[in-house]
Amino acid sequence: MPGPDVIAIDGPAGSGKTTIARALADRLGLAYLDTGAMYRAVAFAALRAGIDLQDEVALARTARAMDLQLDRTSCVVDGVDATQAIRGPEVTSAVSVVAAVADVRIDLVGRQRNWVAERGGGVVEGRDIGSVVFPDALLKVYLTASPEERARRRAGETGGIDVEVVAADIRRRDAADSGRKVSPLVEADGSVILDTSDLTVDEVVEAIVALLP
């Protein structure tokens, strides 16, 4: 498995994963993969097909059948541009349920490993990258931030939604992601924990670069 060529960036919602991982990939000239977008894509496909989110067999079938074209700027699911929709409230509410399905995760983990194998490495962000997908990654970083800062960031990303509403949703996502039986959100063995609350993007990127062997 091509884990040694991977920089794994994990952490909860609002910790800065996407921003940091993109900037780090740019800095190092590496490919970048947002695995969270892959789970959102499955949720989008399931909602679009009217699938009952409690039907794990149907969700797994949807994941296996899904044609996904994902890059830094777009997400196309089964030929439909879902770039905006996967970040919308409907998908956001559904994605934790979808991500808890073991067979969905098996399919997407396989896709993630294939993605890295095709590119010979990259910066990969998610919630189980260092713990499950690439446990032998070259570097494993777990990003975190204070609950207040995480809520503030997410509120800014969602066009001014009330911070308290966002904070409540983050608490829900944290509980779902950390409490699921399959590949829960954890600080992977050997990971370096970075609190981004009071750091700029450049400062976090520099700190990660300094950790590289």
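Readers should treat all values here as calculations from the given coordinates under stated rules, not as data from a laboratory. Keep in mind that what you see is a predicted model, and the values were worked out from it rather than measured. Positions of Cβ are generated from backbone atoms using ideal geometry, with glycine treated the same way; all protein chains shown enter the neighbour counts.
Lys/Arg Cβ at +1, Asp/Glu Cβ at -1, dipole of the chain taken about the Cα centre: which of 145, 9, 94 is farthest positive-ward?
94
Sort the following peptides by mean Cβ neighbour count (other Cβ atoms within 10 Å, averaged over residues), highest first: 111-122, 143-154. Write down the numbers at each step before the final one.
Working: 111-122: 15.9, 143-154: 19.0.
Those peptides, ordered most packed to least, come out 143-154, 111-122.
Report the net charge of residues surrounding residue 78, where surrounding means a beta-carbon distance below 11 angstrom and charges are Lys +1, Arg +1, Asp -1, Glu -1.
Local net charge: -1.
If you count, for each residue, the other Cβ atoms within 10 Å and average over each peptide, how do 123-129, 81-87 line up from highest to lowest?
Result, highest mean Cβ count within 10 Å first: 123-129, 81-87.
Find which of 23, 204, 122 sits farthest along the positive direction of the dipole of region 3-211, computed with +1 on the beta-carbon of Lys and Arg, -1 on that of Asp and Glu, about the Cα centre.
Ranked along the dipole, the leading option is 122.
Summing Lys, Arg as +1 and Asp, Glu as -1, what charge do residues with Cβ under 11 Å from the Cβ of residue 131 carry, residue 131 excluded? Please list the in-between numbers first.
On the way: positive: 127, 140; negative: 10, 128, 187, 189.
With Lys, Arg at +1 and Asp, Glu at -1, the net is -2.
Note down the nm distance, to one decimal, between modelled labels 7 Å out along Cα→Cβ at residue 78 and at residue 53.
That separation, rounded to one decimal, is 1.7 nm.
Can you give the charge dipole size of the chain about its Cα centre, rounded to the nearest 20 debye, using +1 on the beta carbon of Lys and Arg and -1 on the beta carbon of Asp and Glu?
For this selection, approximately 320 debye.
Could you work out how much longer the chain between residue 163 and residue 67 gets when fully extended? Use 0.36 nm per residue separation minus the Cα distance between them, nm to one decimal.
Numbers: separation 96, 0.36 × 96 = 34.56 nm, distance 3.51 nm.
Length gained between residue 163 and residue 67: 31.1 nm.
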